[in-house]
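> Let me begin by handing over the structure; questions about it come next.
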Amino acid sequence: MLTRRHFIQTTTALFSASVSSPLFAESWPTVSQKAAWDAQVTPPGYNAATSNPWGLHRRFLPQRVQANERLVPGDIHVDAVAKYLYHIEAGGTAMRYGVAIGRGDLYEPGVYTIKRKVEWPHWTPTQSMIAREPEIYAQFEGGVEPGPENALGSRALYLYVGERDTYLRIHGTPFPRSIGTSASSGCVRMVMAHINDLYSNVEISSTAFLYSAAESVATRS
């Protein structure tokens, strides 16, 4: 069970769950196209700690914070109450990012393994998403090509339990104003410029801990 002692020491609307579609096996973007999209979603003169064209609360901008020394460098911890993602670093620190999480009972606390990473991924809604909200998702049943308007944005980290793909992702979003809310269909959303920074520092086989509200450090401080 995830408890506060595992967690971080600190002072204080629609898309997400997805599948990978074989329909797009031959349509991956080129290196130059990915670079152009990266430039498109990165603010001019980008500084992670200060750039904020999205109008986020300042606490959701990336920040280096102290971490419990017992935490494993490379692991990810998501606080469901504060809407923070922490990426643990060597030396007792972590990079903290603002996120959006799944709304209602679509958020799935648990311990996951990151078994796949994709730059500018394809996106296909799951059948459960289509059944739950056909008016939104049925039009995308055939899948959506990569690009800045794709629901998974610029980067995606794929969460597994054992060898089973959970269809949960930590991913960029074309809806940055959802950061700090419970808005997705289960996934953890990040500003695209922020997940671009995080992505290069995350290793395959790292562990991602998604905490429930009851387990969150914020509820016990």
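> Helix-only estimate, please: 222 nm mean residue ellipticity of the chain, summing -39500 (n - 2.57) across DSSP H runs of length 4 or more and dividing by its residues, to the nearest 500.
Value at 222 nm, helices only, nearest 500: -3500 deg cm²/dmol.
> If you don't mind, there's one more thing I want to ask. Can you tell me what percent of all Cα-Cα pairs in the range 27-122 are more than 21 Å apart?
Here the tail beyond 21 Å accounts for 51 percent of pairs.
> What are the ³J(HN,Hα) couplings of the range 108-117, residue after residue, when phi is run through the Karplus curve with 6.51, -1.76, 1.60 and θ = phi - 60°? Round to Hz, x for glycine and proline.
10, x, x, 10, 10, 10, 7, 10, 8, 10
> Under a 5 Å amide H to amide H cut-off, with H placed in plane at 1.01 Å, what residues pair with Val188 once short-range neighbours are removed?
Arg169, Ile170, His171
> Report the extension gain between Glu135 and Ser205 in nm, rounded to one decimal, defined as 0.36 nm multiplied by the number of residues separating them, less their alpha carbon distance.
This chain segment gains 21.6 nm when fully extended.
> Order Tyr160, Tyr167, Tyr112 by their accessible area, 1.4 angstrom probe, all chains in place, largest first.
The residues order as Tyr167, Tyr160, Tyr112, largest area first.
> Nearest 5 percent is fine: what portion of the DSSP beta bridges confined to the range 45-211 is antiparallel?
Just about 80 percent of them are antiparallel.
> Run the quick spin-label model on Ala36 and Arg116: label points 7 Å from Cα toward the beta carbon, then report their separation in nm to one decimal.
2.6
> Using the Karplus curve 6.51 cos²θ - 1.76 cosθ + 1.60 with θ = phi - 60°, what ³J(HN,Hα) values do you get for each residue of the range 175-192, in whole Hz, with x for Gly and Pro?
My calculation for the range 175-192 gives 10, x, 6, 7, 4, x, 10, 9, 10, 8, 8, x, 7, 9, 9, 9, 4, 4 Hz in order.
> Continuing with the same structure: Leaving out ligands, DNA and RNA, what percent of the accessible area of the range 130-221 is carbon and sulfur, probe 1.4 Å?
Solvent-exposed carbon and sulfur of the range 130-221 make up 51 percent of the total.
> Here is a further query. Could you go through the range 197-210 in sequence order and give the Karplus-derived ³J(HN,Hα) for each residue, using 6.51 cos²θ - 1.76 cosθ + 1.60 with θ = phi - 60°, rounded to whole Hz, and x for Gly and Pro?
5, 5, 3, 5, 9, 9, 9, 4, 6, 5, 9, 10, 9, 9
> For Met95, Met190, write out the residues from largest to smallest accessible area, computed with a 1.4 angstrom probe and no ligands counted.
Accessible-area ranking of Met95, Met190, largest first: Met95, Met190.
> Next up: Residues in the range 201-217 near a label at Tyr46, defined as backbone nitrogen under 16 Å from the 7 Å Cα→Cβ point?
Only 201-202 fall inside the zone, counting backbone N under 16 Å.
> A further question on this structure: Tell me the label-point distance for the pair Arg164, Arg59, using the 7 Å Cα-to-Cβ offset, in nm and rounded to one decimal.
Roughly 3.5 nm, to one decimal.
> Further question: Find how many whole Å separate the alpha carbon centroid of the range 76-154 from the alpha carbon centroid of the range 191-207.
12
> For Ala208, list long-range residues whose amide hydrogen, built 1.01 Å from N in the peptide plane, is under 5 Å from its own amide hydrogen.
So Ala208 has HN proximity to Ile76, Tyr112, Thr113, Ile114.
> To continue, here is another question. Check cross-link reach from Lys34 to the lysines: straight Cα distance under 25 Å, and skip same-chain residues fewer than eight apart.
Of all the lysines, those that pass the test against Lys34 - Cα under 25 Å, at least 8 places apart if same chain - are Lys115, Lys117.
> In a shell of Cβ-Cβ distance under 11 Å around Arg59, excluding Arg59 itself, what net charge do Lys and Arg (+1) and Asp and Glu (-1) give?
Result for the local shell: +3.
> Hey, can you grab everything whose amide H is under 5 Å from the amide H of Ser154? Only 5+ residues off in sequence or another chain; H modelled, so Pro and N-termini drop out.
So Ser154 has HN proximity to Gly172, Thr173.
> How many percent of all Cα-Cα pairs in the chain sit more than 26 Å apart?
So the portion of pairs separated by more than 26 Å is 31 percent.
> Could you grab the relative contact order for the range 45-211? Cα pairs under 8 Å, six or more apart, rounded to a whole percent.
29
> Show me 45-56, 129-140 ranked by packing, highest mean number of other Cβ atoms within 10 Å first.
129-140, 45-56
> If you don't mind, another one. In square angstrom, what is the accessible area per residue of the chain with a 1.4 angstrom probe?
Dividing the accessible area of the chain by its residue count gives 45 Å².
The values are calculated or read from the model by the stated rules, or taken from the named source; none is laboratory data. Remember, it's a predicted structure, so these values are computed and weren't measured experimentally. All Cβ positions, glycine included, derive from the backbone under ideal geometry; neighbour counts span all protein chains shown. Ligands, DNA and RNA are stripped out before the accessible areas are found, and what is left, the full protein with its side chains, is counted by its heavy atoms. Shrake-Rupley method; radii C 1.70, N 1.55, O 1.52, S 1.80 Å.
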